1. Can you confirm whether Thr130 is polar (S, T, N, Q), in contact (Cβ under 8 Å) with a residue 12 or more places away in the chain and either under 19 Å from Gly99 (Cβ atoms) or open to solvent by 50 Å² or more (accessible area, probe 1.4 Å) (or both)?
2. Regarding Thr91, is this residue farther than 20 Å from Ile211 by Cα, open to solvent by less than 50 Å² (accessible area, probe 1.4 Å) and among the β-branched types (Val, Ile, Thr)?
3. If you go through the stretch 201-217 one residue at a time, how many are free of Cβ contacts under 8 Å to residues at least 60 places away in the same chain and crowded, with 23+ Cβ neighbours inside 10 Å?
4. Mind checking whether some residue in the stretch 168-181 is free of Cβ contacts under 8 Å to residues at least 12 places away in the same chain and either open to solvent by 10 Å² or more (accessible area, probe 1.4 Å) or under 19 Å from Tyr232 (Cβ atoms) (or both)?
5. What residue, of Thr188, Thr149, Thr221, is under 23 Å from Ala61 (Cβ atoms), of a type in the set (Val, Ile, Thr) and loosely packed, with under 15 Cβ neighbours inside 10 Å?
6. Can you pull out the residues in the stretch 101-112 that are at pLDDT below 95 and either open to solvent by less than 20 Å² (accessible area, probe 1.4 Å) or closer than 12 Å to Arg194 by Cβ (or both)?
7. Would you say Ala62 is in contact with a strand residue (DSSP E or B) (Cβ under 6 Å, 6 or more places away or on another chain), open to solvent by less than 50 Å² (accessible area, probe 1.4 Å) and farther than 20 Å from Pro193 by Cα?
8. Quick one: which residue in Trp63, Trp93 is closer than 28 Å to Ala138 by Cα, modelled with pLDDT under 95 and not in a loop (DSSP other than H, G, I, E, B)?
Amino acid sequence: MWKIVDVSRGPAAAVTAAALSVVLIGAVPGTAYAYADSATGTVNTSGTALSVRSGPGTGYAAWRTVSDGSTVTLLCQTTGQSVTGTYGTTTLWDLLSNGGMVSDAYVHTGSDGQVVNSCAYVGAEPSSKTNPRSANGAIDWAFQRYRSTAYENLCLAFVAQAYGWGGSGWNTAEIGGDWESSHGYLNTSGIPPRGALVWYHNAVGSGHVAISLGEGKVIGTSVGGGVGVAGYLDHGSYRGWSVAYLPAAW
């Protein structure tokens, strides 16, 4: 069976190279397909601004909007809440280059199906210390505090509270990163998956930590003086990433 591109989304000439790379692959059950690393799309809402959300559903925080007709960059796609929009009904959600998500039902990509790689999520923390919130729940909590200055110099408390704890149980992010490293949880290769804790050294020795949004983006403190989104290598002295495991949290 072949995957068919729905050209009703626009002229056939508008079908992206990413979509064409998918349409020519025979759909064999159980086979993993490689999609593009990124793709561009056009927002089509027939006039209304489209909410950019912290997760794949309308229940997640809407932290900004993109206007109708805007060109957006898709970094990955994931499944979430079913939404009916300009291009029908879909459960696909697109992670944009600024870190937020929009329903693919309002984005013209040249295909009704997936056109970029699936969003990678970090593995579960050990069952001995399960976080009260999921990765998407933690990211939603963080986005609800977007641009807040209340957490400056409290990066470790910020990520612990995002995951539903009162505090991390560690005095500094440097201590936390050391623990993750010494216990084999710190990964120094690969882009941090969505929901991972991303660890850094800093000049004063206290370290820094943020939460990965996936595809090279993080949300955390100290981004322009408050909570914000940045590239995972924008903060100096990157150490690596770990599963969201906080063994001393309370």
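1. Working: polar (S, T, N, Q): yes; in contact (Cβ under 8 Å) with a residue 12 or more places away in the chain: no; either under 19 Å from Gly99 (Cβ atoms) or open to solvent by 50 Å² or more (accessible area, probe 1.4 Å) (or both): yes.
For Thr130, the condition - polar (S, T, N, Q), in contact (Cβ under 8 Å) with a residue 12 or more places away in the chain and either under 19 Å from Gly99 (Cβ atoms) or open to solvent by 50 Å² or more (accessible area, probe 1.4 Å) (or both) - is not met.
2. On the way: farther than 20 Å from Ile211 by Cα: yes; open to solvent by less than 50 Å² (accessible area, probe 1.4 Å): no; among the β-branched types (Val, Ile, Thr): yes.
Criteria not met by Thr91.
3. Within the stretch 201-217, the subset free of Cβ contacts under 8 Å to residues at least 60 places away in the same chain is 201-210.
Filter once more, so that each one left must be crowded, with 23+ Cβ neighbours inside 10 Å: 208-210.
Residues in the stretch 201-217 being free of Cβ contacts under 8 Å to residues at least 60 places away in the same chain and crowded, with 23+ Cβ neighbours inside 10 Å: 3 in total.
4. To start, the set of residues in the stretch 168-181 that are free of Cβ contacts under 8 Å to residues at least 12 places away in the same chain comprises 171, 178.
Next cut, either open to solvent by 10 Å² or more (accessible area, probe 1.4 Å) or under 19 Å from Tyr232 (Cβ atoms) (or both) only: 171, 178.
Scanning the stretch 168-181, I find at least one residue that is free of Cβ contacts under 8 Å to residues at least 12 places away in the same chain and either open to solvent by 10 Å² or more (accessible area, probe 1.4 Å) or under 19 Å from Tyr232 (Cβ atoms) (or both), so the answer is yes.
5. Numbers: Thr188 fails: under 23 Å from Ala61 (Cβ atoms); Thr221 fails: loosely packed, with under 15 Cβ neighbours inside 10 Å.
Only one candidate passes the filter, namely Thr149.
6. If we filter the stretch 101-112 for residues that are at pLDDT below 95, which is where we start, we get 110-112.
The answer is Gly110, Ser111.
7. Working: in contact with a strand residue (DSSP E or B) (Cβ under 6 Å, 6 or more places away or on another chain): yes; open to solvent by less than 50 Å² (accessible area, probe 1.4 Å): no; farther than 20 Å from Pro193 by Cα: yes.
Judged against the criteria, Ala62 is not a match.
8. Trp63
The values are calculated or read from the model by the stated rules, or taken from the named source; none is laboratory data. The structure displayed is predicted, hence computed values, not measured ones. Cβ atoms come from the backbone with ideal geometry, glycine included; neighbour counts cover every protein chain shown. In case anyone asks, the SASA skips ligands and DNA or RNA and just uses the protein heavy atoms, side chains included. Shrake-Rupley method; radii C 1.70, N 1.55, O 1.52, S 1.80 Å.
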